[in-house]
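Notes follow the structure.
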Amino acid sequence: MPRMMLGLRGAGCRDNDAMSLLRQATRDDTPELWRVRYAVTENTLTPGRITDAELHAYLEDHGCGWVIELSPGRIAGFSIGDARDGHIWAMFVDPAVHGRGYGRLLHDVMVDWLFAQGHRRLDLGTQPDSRAEAFYRRAGWRPLAEGLDAHGD
């Protein structure tokens, strides 16, 4: 997948009614994180390619994650950022609730947190010509001139 980059920007999270639904992700969210992740129709992931242990490492050791919780145990979307290198490790919203501002809220809180960790530039990978790519471009991201990584991403 092509890599994209975002440069330093001002802090602050977008004001949104969904803010009260936003909370930090925990390992207890694992089943719902996978449900949302496998529900997406772009940037798909083969079940089992990433383990629960890898997910938990990104939530607890490498970075931080957030969820939009619609009701107890029901997540609309999630984002996870890697504090080590400023990489957007994951950001997904259940297709059933697209268009409600959840993705932008998850994006903004994660990006602001990563910049607060001292990063001046962030990066991510996404499927070309996808809704996700259009979303990231609207949020200010720009493609890098680099090619694919060792995994074909």
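Evaluate E = 1/(1 + (r/R0)^6) for residue 30 and residue 130, where r is the Cβ-Cβ distance and R0 equals 30 Å; express this FRET efficiency to the nearest 0.05.
Values: r = 25 Å, r/R0 = 0.84.
Calculated value: 0.75.
Can you list which of the GluC sites (Glu not before Pro) found in segment 35-101 are DSSP loop residues with at most 13 other C-beta atoms within 10 Å?
Hits after loop and neighbour filter: 42.
What accessible area per residue, rounded to a whole number of Å², is obtained for segment 28-101 using a probe radius of 1.4 Å?
The answer is 46 Å² per residue.
Show me the trypsin sites (Lys or Arg not before Pro) within segment 18-85 that DSSP assigns to loop and that have at most 16 other Cβ atoms within 10 Å of their Cβ.
For trypsin sites (Lys or Arg not before Pro) across segment 18-85 that sit outside H, G, I, E and B with at most 16 neighbouring Cβ atoms in 10 Å, the list reads 49, 84.
Give a residue-ordered list of calculated ³J(HN,Hα) values for segment 108-119 (Karplus: 6.51 cos²θ - 1.76 cosθ + 1.60, θ = phi - 60°; whole Hz; x for Gly, Pro).
Residue by residue, segment 108-119 yields 5, 5, 5, 4, 4, 5, 5, 5, 5, 7, x, 6 Hz.
Say each of residue 138 and residue 20 gets a label point 7 Å from the Cα, pointing the same way as Cα to Cβ; how far apart are those two points in nm?
Placing both labels 7 Å along Cα→Cβ, they lie 2.5 nm apart.
Of the heavy-atom accessible surface of segment 44-153 (probe 1.4 angstrom), what whole percent is carbon and sulfur?
On segment 44-153, the fraction of accessible area on carbon and sulfur atoms equals 48 percent.
7 Å from Cα along Cα→Cβ at both residue 70 and residue 98: what's the point-to-point distance in nm?
Taking the simple label geometry, residue 70 and residue 98 are separated by 1.5 nm.
The values are calculated or read from the model by the stated rules, or taken from the named source; none is laboratory data. This is a predicted model, so every value here is computed, not measured. Note that we place each Cβ from the backbone using ideal geometry, even for glycine, and neighbour counts take in every protein chain shown. For the accessible areas, the whole protein counts, side chains as well, though only heavy atoms, and no ligand, DNA or RNA atoms are used. Shrake-Rupley method; radii C 1.70, N 1.55, O 1.52, S 1.80 Å.
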